[in-house]
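Student: Right, I'll just put the structure down here and ask away after.
Rule-based calculations on the coordinates, nothing more; no lab input. What you see is a predicted model, and the numbers here were worked out from it, not measured in a lab. Note that each Cβ is placed from the backbone with ideal geometry, even for glycine, and that neighbours are counted across all protein chains shown.
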Amino acid sequence: MSSLEPRRPFDSVVEMTQLLLPGDANALGAAFGGSVMGWIDICAAVSAQRHARQQVVTASMDDLHFHAPIKIGFQVILRARVVAAFKSSMEVGVTVHAENPLTGERQLTTSALLTFVALDKDGNKLPVPPLRCESDLEKKAADEATARRAERISRKGQTGLTWQTLLGA
C-alpha cells in the first residue's frame, strides 16, 4: 500500500483505557482536567500516527469540553479517530467516557478535537494520506472539519488584543 493511498477513518480508530486513581484526581475525588487532557493527546496522537504512518505532533486543540466528572475508581475509556486529512495535517476527534466498574454504566465525560501535523526527522512537514470517507456521516464530519480548519486559518492572521497579549507573551 502506498503511503499516500487514501485510508478509511476506521483504520485510525484507537481505544485506550485508564483507571482513575487518586494521583490523577482533585480534592473532590474527580479527575484533574490536565490528566484527562494528557490522555486525550496520547490517544489522538496514536490515531493520527496510525493514519499518516509518520511521526506526528500536536498542532492545536480546537475544542475541549468537560461534560461530567470522572470519579476515582472509575474506568476511563478514550476513543479517537481521524475525522479529516489535509495536506500535512489531520483533525482527530476524541470522546472520553467514564465507566462505573460495579454496574458497567457509561457516561460521556469529555470530547475534544485536535489537529496533528506529520513531520520528518528534521521537523519538516510531510504529506499525509487523504481520508476515504465511505458513509454520509463520515463525509459530514470531514466537511465540518474542513470548515473548522478554514476558521482556524482565518484567525491566524488577525491582530488585536489576544490572550497572548494579556499574558505578556
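Student: Cβ-Cβ under 8 Å, sequence separation 6+ or interchain: first residue in the stretch 66-79 and at negative phi, partner assigned to a loop (DSSP other than H, G, I, E, B) and surrounded by fewer than 17 Cβ atoms within 10 Å (Cβ to Cβ). Which pairs?
Tutor: Sorted first by the residue in the stretch 66-79, then by its partner, the pairs are Pro69/Leu28; Lys71/Gly29; Ile72/Leu21; Ile72/Gly29; Phe74/Asn100; Phe74/Pro101; Gln75/Pro101; Arg79/Val13.
Student: Something else now. Is it true that some residue in the stretch 129-139 is closer than 21 Å to Trp39 by Cα and surrounded by fewer than 16 Cβ atoms within 10 Å (Cβ to Cβ)?
Tutor: no
Student: Based on this model, can you work out whether Val57 counts as assigned to a strand (DSSP E or B), touching a residue at least 40 places away in the same chain (Cβ under 8 Å) and either farther than 23 Å from Pro129 by Cβ or not basic (Lys, Arg) (or both)?
Tutor: So Val57 passes the test.
Student: It is to be established whether one or more residues within the stretch 78-88 are surrounded by fewer than 21 Cβ atoms within 10 Å (Cβ to Cβ) and under 23 Å from Asp24 (Cβ atoms).
Tutor: Checking the stretch 78-88: at least one residue is surrounded by fewer than 21 Cβ atoms within 10 Å (Cβ to Cβ) and under 23 Å from Asp24 (Cβ atoms).
Student: OK, next. Return the residues of the stretch 1-54 that are aromatic (Phe, Trp, Tyr) and closer than 26 Å to Glu138 by Cα; say none if nothing qualifies.
Tutor: Phe10, Trp39
Student: Considering every residue within the stretch 22-39, establish whether at least one is among the aliphatic types (A, V, I, L, M), touching a Gly at 6+ places or on another chain (Cβ under 9 Å), outside any helix (DSSP H, G or I) and surrounded by 15 or more Cβ atoms within 10 Å (Cβ to Cβ).
Tutor: Taking every residue of the stretch 22-39 in turn, none turns out to be among the aliphatic types (A, V, I, L, M), touching a Gly at 6+ places or on another chain (Cβ under 9 Å), outside any helix (DSSP H, G or I) and surrounded by 15 or more Cβ atoms within 10 Å (Cβ to Cβ).
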